[in-house]
Amino acid sequence: MKNSSHGILRNSIYSLIGWLLPVIVNFLTIPFIVKMLGDDSYGILTLATAVIGYFSLMDINLTQGSMRYIAEYHAKEDNGKVNEVLSLSLLTYSVLGILGAVILYFSVDLFLMDMLKIPQKYQDISRTVFHLSALGFLIGLIHNYLFSIPKSIHRFDIASRIEAGFGVALMCITVVLLYLGFDLLGVVVLRVVMLSLNCIILLMAIKRTMPYARFASSISMDTVRKLLTFSGYSFFSKIAATITANTDRLVIGAVISSAAVTFYTIPFVLVSRLMSVSYRLSLIMFPLASEMGATGKRQELEKIYIVASRHLFFLNITITTILCLFSMQILSIWMGADFAQQTYIILILISLAFFADTLTNLPSLLNDGLTFPKVTGFFAFGRAILGVIALLIGAMFFGLIGVAAAYLISSVVVGGIFLIYVHKKTIKMSLNLLIKESYLKSFVFSLGVGIAVLMLKPLLPSSNTVIITELFIVTGLFAIFGYTQVLSRELKLKVVGYIIGIK
């Protein structure tokens, strides 16, 4: 992965750190937050997040198109075009945010409260929480766009520092508020306030790093056409991602109960946070593919893709193997034995589903960067439709396990077809070569470790000491294998040089 001008390794590390610190704090604080709020209140908080997520369908995904063209125009030093893209995107998101907030506010009493199975004693506070969520939607829409701007010009360090700082602060202050006796309403107000402060800090950071940034006095039709065309195709991906990310919890809340949302969400949050490692590391691929594709460096981009795929596949399969082998033990230590007994199978199924999804991360980013967003959008939309049908069937007939199994089935089926198609039609690289060069060795090793652990488990006592020892040994085996068999010599040198400060 040799491309010092783009700082690939540096940006990937910053992206990872920005994700990692809040995740660690979140992991440590969730048991306390769930205990203080209770299953129903935490479920309501999760449902509010899901509702906001669904209303983000109004986001026509200008963020993706904006990143694409800011990256290109910044590389060409065309500051005027950068300002046109910024101005058009901010104005559009402001209008959409206000419209969405108004619709969400009035929909609470029109149908939302009747749709969800929320206990009577939580009805009033739930109504207030959903009303506040309308304001959160407006601020969140603008925040998500502002957060993408530094990454468009390869300043992942700025975005990651802000993300890490606010993420850690939010969870810590939440714990303090709950300890002082505040309830669900206090937690939601805190989130809205923190999100507002985050926007202000992002604006200041953008102005400092892009001093030329300002609202354009006029926006050319060429900029409008390019941005809307690219974003229009990628909007299908946005719709699909929104449906996929929020349907399961809304279905559980409507078909089963608000408390059941908590039992599903906790394993889901654990897996999604851990598997986000690879996505964070791969985000640099989108602006990189946009620049290198536009400047004719296709062969160099393909080499980066093969190497990055090998590293990320190993990371993903390591996390998945550990989660599946130690699902019961991890949940018992984290949330308690009773909670673990009810959710460990869900954790296994969701882990496998997320692993299938991670196989499409790099191909999707590369595909979009090479200006084929309609392909990604088409498959993502198909995955969402299949997922909704499977979720409804799973929830109605098989409960929470059925929901998790439905998530896995839709991920495997659509993800597999997507990989075959893009490698043949858009990326135009042999999928067999990718499997051989990037996937096969790590898969065989993980399969061997998994079989060995499953065979030895019945022979070992089930004490915490033994469990921790097993986990330590398995993690150590993966670390040794990764260092000796997966990491390239060049990347080892870069990582060591980065750690000790060699430029």
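Contact map, the range 399-423: first residue under 16 Å from Thr247 (Cβ atoms), second residue among the basic types (Lys, Arg), Cβ cut-off under 8 Å, separation 6 or more or different chains; pairs are Ser410/Arg383; Ser411/Arg383; Val414/Arg383. If you go through the range 453-480 and keep only what is free of Cβ contacts under 8 Å to residues at least 40 places away in the same chain and either surrounded by 13 or more Cβ atoms within 10 Å (Cβ to Cβ) or not hydrophobic (A, V, I, L, M, F, W, C) (or both), you end up with Lys457, Pro458, Pro461, Ser462, Ser463, Thr465, Val466, Ile468, Thr469, Gly476, Leu477. Based on this model, can you work out whether Ser4 counts as within 29 Å of Arg161 (Cβ to Cβ) and either touching a Leu at 6+ places or on another chain (Cβ under 9 Å) or at pLDDT below 85 (or both)? Yes, satisfied.
Among the residues making up the range 63-97, those that are modelled with pLDDT of 85 or more, β-branched (Val, Ile, Thr) and farther than 18 Å from Pro211 by Cα are Thr92, Val95.
With the structure loaded, tell me whether Ser160 is surrounded by 14 or more Cβ atoms within 10 Å (Cβ to Cβ), among the small types (Gly, Ala, Ser) and touching a Gly at 6+ places or on another chain (Cβ under 7 Å) or whether it fails that test. So Ser160 fits the description; yes. Scanning the range 7-41 for residues that are hydrophobic (A, V, I, L, M, F, W, C), within 30 Å of Lys117 (Cβ to Cβ) and at pLDDT 80 or above yields Ile30, Phe32, Ile33, Val34, Met36, Leu37.
Restricting Ser196, Ser217 to residues that are without any contact (Cβ under 8 Å) to a residue 24 or more places away in the chain, more than 29 Å from Ala289 (Cα to Cα) and among the polar types (S, T, N, Q) narrows the list to Ser217.
Quick grid of which residues meet (1) assigned to a helix (DSSP H, G or I); (2) over 26 Å from the mean Cα position of the chain (by Cα):
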site: Thr49; (1), (2): yes, no
site: Met67; (1), (2): yes, no
site: Glu77; (1), (2): no, yes
site: Leu90; (1), (2): yes, no
site: Ser107; (1), (2): yes, yes
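Residue-by-condition table, conditions (1) in a helix (DSSP H, G or I); (2) touching a residue at least 12 places away in the same chain (Cβ under 8 Å):
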residue	(1), (2)
Ile118	no, yes
Tyr122	yes, yes
Val129	yes, yes
Leu138	yes, yes
Leu178	yes, yes
Gly181	no, no
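Applying the set (1) crowded, with 19+ Cβ neighbours inside 10 Å; (2) closer than 23 Å to Thr262 by Cα; (3) among the hydrophobic types (A, V, I, L, M, F, W, C) to Ile149 leaves exactly one unmet item: (2).
Taking Ile206, is it farther than 24 Å from Met36 by Cβ, in contact with a Pro (Cβ under 7 Å, 6 or more places away or on another chain) and in a helix (DSSP H, G or I)?
On the way: farther than 24 Å from Met36 by Cβ: yes; in contact with a Pro (Cβ under 7 Å, 6 or more places away or on another chain): yes; in a helix (DSSP H, G or I): yes.
Yes: the conditions hold for Ile206.
Restricting Leu195, Leu202, Leu190 to residues that are surrounded by 14 or more Cβ atoms within 10 Å (Cβ to Cβ) and in contact with a Ser or Thr (Cβ under 8 Å, 6 or more places away or on another chain) narrows the list to Leu190. Note on the range 260-359: enclosed helices (runs of 4 or more DSSP H) holding 1 or more residues that are polar (S, T, N, Q) and modelled with pLDDT of 90 or more are 298-325, 327-335, 337-358. Looking at this structure, is Ser446 surrounded by 12 or more Cβ atoms within 10 Å (Cβ to Cβ), in contact (Cβ under 8 Å) with a residue 40 or more places away in the chain and out of contact with any Cys (no Cβ under 7 Å at 6 or more places or on another chain)? For Ser446, the condition - surrounded by 12 or more Cβ atoms within 10 Å (Cβ to Cβ), in contact (Cβ under 8 Å) with a residue 40 or more places away in the chain and out of contact with any Cys (no Cβ under 7 Å at 6 or more places or on another chain) - is met.
The values are calculated or read from the model by the stated rules, or taken from the named source; none is laboratory data. Values in this document were obtained by computation on a predicted structure and should not be read as measured data. So basically every Cβ, Gly included, is an ideal-geometry build from the backbone, and we count neighbours across all protein chains shown.
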